[in-house]
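This report refers to the structure that appears directly beneath it.
The values are calculated or read from the model by the stated rules, or taken from the named source; none is laboratory data. Keep in mind that what you see is a predicted model, and the values were worked out from it rather than measured. Reconstructed Cβ throughout: ideal geometry from the backbone, glycine too, with neighbour counts over all protein chains shown.
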Amino acid sequence: MDYKLLGTDLTPSYLASLSKRDRELLCAELRDKILTTVSHNGGHLASNLGAVELTVSLLSVFDYTKDKIVFDVGHQSYSYKLLTGRFDKFDTLRQQDGISGFPRRQESPYDAFDTGHSSTSISAALGMARARDLQGKDEYVVAVIGDGAMTGGLAYEALNDLGHSKNTKMLVILNDNEMSIDKNVGGMSKYLKQLRISSGYLSAKKNTESFLNKIPLLGKGIIAIIMGIKRLIRFFVYGKNTSMFEDLGLRYYGPIDGHDTEGLIKAFNAVKDLNVPVLMHIVTKKGKGYEFAERNPSDYHGVSPFDIETGVKPSPKLTYTGAFSGALLEAAARNKSVVGICAAMAVGTGMEAFSYKYPSRFFDCGIAEEHCVTMAGGMAASGMTPVVAIYSSFLQRAYDQILHDVCYMNNHVVFAVDRAGFVGNDGHTHNGIHDISYLNSMPGMTILSPRDYTDLKICMDQAINKIDGPVAVRYPRGSSPYEEDGPLYRDPDEMYKPHVVSDDGDDYVIITTGLFGKVCDKAASILKENGFNGKVICLTVLKPLNTSDIIDVIGKSRYVFTGEEGILCGGFGENLKLELTRAGYTGRVDNFAIEDQMIRAGTVQQQLERAGLDAESMASKIKAIITEA
């Protein structure tokens, strides 16, 4: 498509002056640019396609150079990036040194707040609105939050506080597309659906407001009457008051067609000058404008590069997530106490098959990781065996619940920690690099890090049926590169032992775990070519460490190096170094892990290189240490 509007100087005043026809053209150009770029680079597609008209309308009313617009998660922010000076860089979306797939303050002065995890926008925006009021400024503050994010408790804490601040000028836009990543669940989803189908209420509301607009306002008394009439209309249509948002203290408007730019602009202008907190309920269609995404929005939430004409094709390769899914089904068939729990990610975490096979034993709690974990603690305390599947970067949101509601009571909860390690183009907010460190500090926690699918299956069986107390099984995104090599072991008892992957001599020992073993294998090959012969050892159990057996395998070597795809501070390498010292090992121990740095978007290989954890960097450092000794 030849762009006539995109790429030009889209100032706030220019966007405000566009005709209806120009806005329609701009929306078409935005969809084309988003679809074309995501098909090449991968990214979040369906949610961004659904938010095009919303964003164009929003920036036609609010001044993005002055007003603060906070996008929840950031899955809806691509149009905003394109309209705020990043058209020329948009082809670098989610690439190394390119623009982020999420809002980033360092990327643009028009990104108000860094986002990446759900349900934070209202809290952040309220903080900005209060700072504005304290500083005597006059910019408008807008939070754009999806209905999926409204299943997260943080959103309600913020709404409750915002409603209490009756004179705080702020707009919350609820983008309701009936989806988060998976189909929304819970009471809020049903509540919003009831509002969406309220054509009778909308018609009555419109007629009543038209009549009331002709009556001169006579102060707060009339305003109270108007609000009472609105509640009465809802009562007559539904038999009850439906606007819980107004009960919280917000002025509620909606539902409004989220693809009608002119209607949205009128609505935004109508609430712009209200000196009260407002919630505007917008209804959009996820994936709008691309048929494949409209039909299957879950499949087009986050995608890898694909062909636009044929759509996304599922990979035939088994993944760690798929292997977990199979292992969970096998365990559940043998153990009827097993229940599956996820946080709005049944498909992404591999829980979908379990939900079909055992619907009464499956619980999707919405985007509420804290609730997931505490509920699991309650189920474990009542004799069930909960398996909680959550991405590593999202599990950290439930740190206190893991510690207080699981570990302190030694509850037998199994955490399936997906996306452990680097995840590539989603960048630093989604890298699973902190879980080893914070789980290491928790009393009674067992940490397992399988290398291949057989290893993962054995880990799940042991975690569910043999190990007492809390257990975390961490595994990476994507497919295992080890299947051609054969499994690390087959006997479950072997899981607890250090495994010698290669043994060429005693010049050094590299001790590693999981998928990072491939990097260490390559580093050992490079060292061998340079005349240094050593061992590579793989551990499946990271906590508690089998220190005595590890020392036996280290043997006569005076140089031990640990390697992990996690942070250095509190990682398994630091823990192993401490345990080896306590056990009397007098050789040198060096840890290779992620230093105090943020590793942003790129391929996984690029992220490893940026962290100094690629095979070449490791081999060079090991060679230098041994040579300098």
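Among the candidates Val70, Val56, single out the residue that is β-branched (Val, Ile, Thr), touching a Cys at 6+ places or on another chain (Cβ under 9 Å), over 24 Å from Gln607 (Cα atoms) and touching a residue at least 24 places away in the same chain (Cβ under 8 Å).
Working: Val70 fails: touching a Cys at 6+ places or on another chain (Cβ under 9 Å).
Within the list Val70, Val56, the selection yields Val56.
Name the residue, out of Val373, Val338, Val347, that is in the same structural domain as Asp452 (by TED's automatic domain parsing) and over 21 Å from the mean Cα position of the chain (by Cα).
Just a single option satisfies the conditions, and that option is Val338.
Out of Leu279, Leu250, Leu329, which single residue is under 30 Å from Lys166 (Cβ atoms) and within 26 Å of the chain's Cα centre (by Cα)?
Leu279
Kindly state which helices (runs of 4 or more DSSP H) lie completely within segment 1-98 and contain at least 3 residues that are on the phi < 0 side of the Ramachandran plot and in contact with a Lys or Arg (Cβ under 9 Å, 6 or more places away or on another chain).
On the way: elements: 12-17, 20-41, 46-50, 52-61, 78-83.
Of the helices (runs of 4 or more DSSP H) lying wholly inside segment 1-98, those with at least 3 residues that are on the phi < 0 side of the Ramachandran plot and in contact with a Lys or Arg (Cβ under 9 Å, 6 or more places away or on another chain) span 20-41, 46-50, 52-61, 78-83.
Restricting to segment 559-581, name every residue that is touching a Ser or Thr at 6+ places or on another chain (Cβ under 8 Å), in contact (Cβ under 8 Å) with a residue 24 or more places away in the chain and either surrounded by fewer than 18 Cβ atoms within 10 Å (Cβ to Cβ) or of a type in the set (D, E, K, R) (or both).
If the condition is that a residue be touching a Ser or Thr at 6+ places or on another chain (Cβ under 8 Å), in contact (Cβ under 8 Å) with a residue 24 or more places away in the chain and either surrounded by fewer than 18 Cβ atoms within 10 Å (Cβ to Cβ) or of a type in the set (D, E, K, R) (or both), then Glu564, Cys569, Gly570, Glu579 are the ones that fit.
Could you list all residues from segment 400-428 that are more than 25 Å from Glu352 (Cα to Cα) and within 18 Å of the chain's Cα centre (by Cα)?
Answer for segment 400-428, where residues must be more than 25 Å from Glu352 (Cα to Cα) and within 18 Å of the chain's Cα centre (by Cα): Gly427, His428.
Go through Ser77, Ser57, Ser47 for me and flag whichever is buried (at least 24 other Cβ atoms within 10 Å of the Cβ), in contact with a Pro (Cβ under 7 Å, 6 or more places away or on another chain), within 30 Å of Ala129 (Cα to Cα) and of a type in the set (Ser, Thr, Tyr).
Ser77
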